[in-house]
1. Would you be able to say whether some residue in segment 162-174 is farther than 30 Å from E51 by Cα, within 19 Å of the chain's Cα centre (by Cα) and open to solvent by 50 Å² or more (accessible area, probe 1.4 Å)?
2. Counting only residues that are in contact (Cβ under 8 Å) with a residue 12 or more places away in the chain and more than 13 Å from E115 (Cα to Cα), which one in segment 239-254 is surrounded by the most Cβ atoms within 10 Å (Cβ to Cβ)?
3. Might you let me know whether segment 38-49 holds any residue that is among the β-branched types (V, I, T), farther than 23 Å from S152 by Cα, surrounded by fewer than 15 Cβ atoms within 10 Å (Cβ to Cβ) and free of Cβ contacts under 8 Å to residues at least 24 places away in the same chain?
4. Which condition does R257 not pass, out of (1) open to solvent by less than 20 Å² (accessible area, probe 1.4 Å); (2) part of a loop (DSSP other than H, G, I, E, B); (3) of a type outside the set (A, V, I, L, M); (4) in contact with a Gly (Cβ under 7 Å, 6 or more places away or on another chain), if it passes all the others?
5. All but one of (1) free of Cβ contacts under 8 Å to residues at least 24 places away in the same chain; (2) touching a strand residue (DSSP E or B) at 6+ places or on another chain (Cβ under 6 Å) hold for D274; which doesn't?
6. Of all residues in segment 19-34, which are open to solvent by less than 70 Å² (accessible area, probe 1.4 Å), in a helix (DSSP H, G or I) and not small (G, A, S)?
7. In segment 216-236, which residues are assigned to a loop (DSSP other than H, G, I, E, B), farther than 16 Å from F141 by Cα and either touching a helix residue (DSSP H, G or I) at 6+ places or on another chain (Cβ under 7 Å) or small (G, A, S) (or both)?
8. State which residue pairs qualify: first residue in contact (Cβ under 8 Å) with a residue 40 or more places away in the chain and closer than 13 Å to Y195 by Cβ and inside segment 120-132, second residue among the aliphatic types (A, V, I, L, M) and open to solvent by 30 Å² or more (accessible area, probe 1.4 Å) in any location, beta carbons under 9 Å apart, and separation of 6 or more residues or different chains.
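The values are calculated or read from the model by the stated rules, or taken from the named source; none is laboratory data. On a predicted model such as this, the values are computed, not experimentally measured, just so you know. All Cβ positions, glycine included, derive from the backbone under ideal geometry; neighbour counts span all protein chains shown. Heads up: the accessible areas ignore ligands, DNA and RNA and are worked out on the full protein's heavy atoms, side chains in. Shrake-Rupley method; radii C 1.70, N 1.55, O 1.52, S 1.80 Å.
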Amino acid sequence: MSAPVTMQALAATYLSERRRLGFQLRSTGLAVMSFARYVDGLGHHGPLTVEVMADWARRDKWNSDEPPTWARRLKMLRSFARYLQQFEPRTEVPDDSIFGRIGQRLAPHIYSEQEIVDLLAAARRLGPTPGLRGATYEVLFGLIASTGLRVSAAVDLLDADVDLKLGMLTVRRTKFAKSRQVPLHPSAVQALLRYRRMRNRYVEVTDETPFFVGTRGKRLGHSLSLRQVDRVFIGLRDPLGWVNRGAHAGPRIHDLRHAFIVRRVMLWHAQGVDVDQAMLALSTYVGHAMVTNTYWYLTGVPQLMAVAAAKFESFMQAPEVPHA
């Protein structure tokens, strides 16, 4: 008699099949494998139930007692549960009735120009000196701030993806399994060109070389990890003493992307551009799967709400035009 298939084996097959379709599944993959280990550790037999999934969701590594946190963890199991139904039709799929709906998107910290300047200056001072480390993080954070790239997309860039003659980035297999090209401002092209020349003095470069490379020990010439980048960012952020204007625990790297989008829309308002006409282009540029994700900023960010309110007030105060 063959041994029973473990939940970890099913999870690995599920993730492999999804990734072949182009999904990266970074956070979801970690969650699904964590859940599979939990189920195998229980020695669970029979169809999976919502109770088992909910018990796992409550056991996050931060020991959170917040139902929205449990709801987010539980949501990452839904597609996996549907996948398991082909093998065991009685497998239950969790819904919002367990821990309630996941809360509204939290307002980001929108960086001021001075905060971005201070961040890049602090990154530039990273040691050792002379060395590549300071330049790597200065240009990485500057690129995210000037293009709105996701940090994962910036870290994943290969040298071959950065065409500085055309001033174009190729972002491959993004969050939604699509590739796109991102035009660069001439100032960004010059910053990337200086970094490339400097980097090439430290590492041997092929088309498969990451554009942004690690600089220490065994990491020299290899890609940066997201955890490493986040750790460096926090080390730079905290001494700068920024006042957190968002609803998260503190300003994040991802908020550089939010700030790029907000500043672009505010500039369009100031220039009298038809935002509705321009929004689709912006949504495509930043790699949103749906333009509604870009429109969220009009209602979800205080700076843009203030602009919209001022426009509405001026509209209401305009004199009526009598009918002819």
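1. Yes, because at least one residue in segment 162-174 is farther than 30 Å from E51 by Cα, within 19 Å of the chain's Cα centre (by Cα) and open to solvent by 50 Å² or more (accessible area, probe 1.4 Å).
2. Ranking the qualifying residues of segment 239-254, first place goes to G246.
3. There is no residue in segment 38-49 that is among the β-branched types (V, I, T), farther than 23 Å from S152 by Cα, surrounded by fewer than 15 Cβ atoms within 10 Å (Cβ to Cβ) and free of Cβ contacts under 8 Å to residues at least 24 places away in the same chain.
4. Condition not satisfied by R257: (2).
5. (2)
6. Correct list: T28, V32, M33.
7. Residue satisfying the conditions is G221 alone.
8. L132/M198; L132/L220
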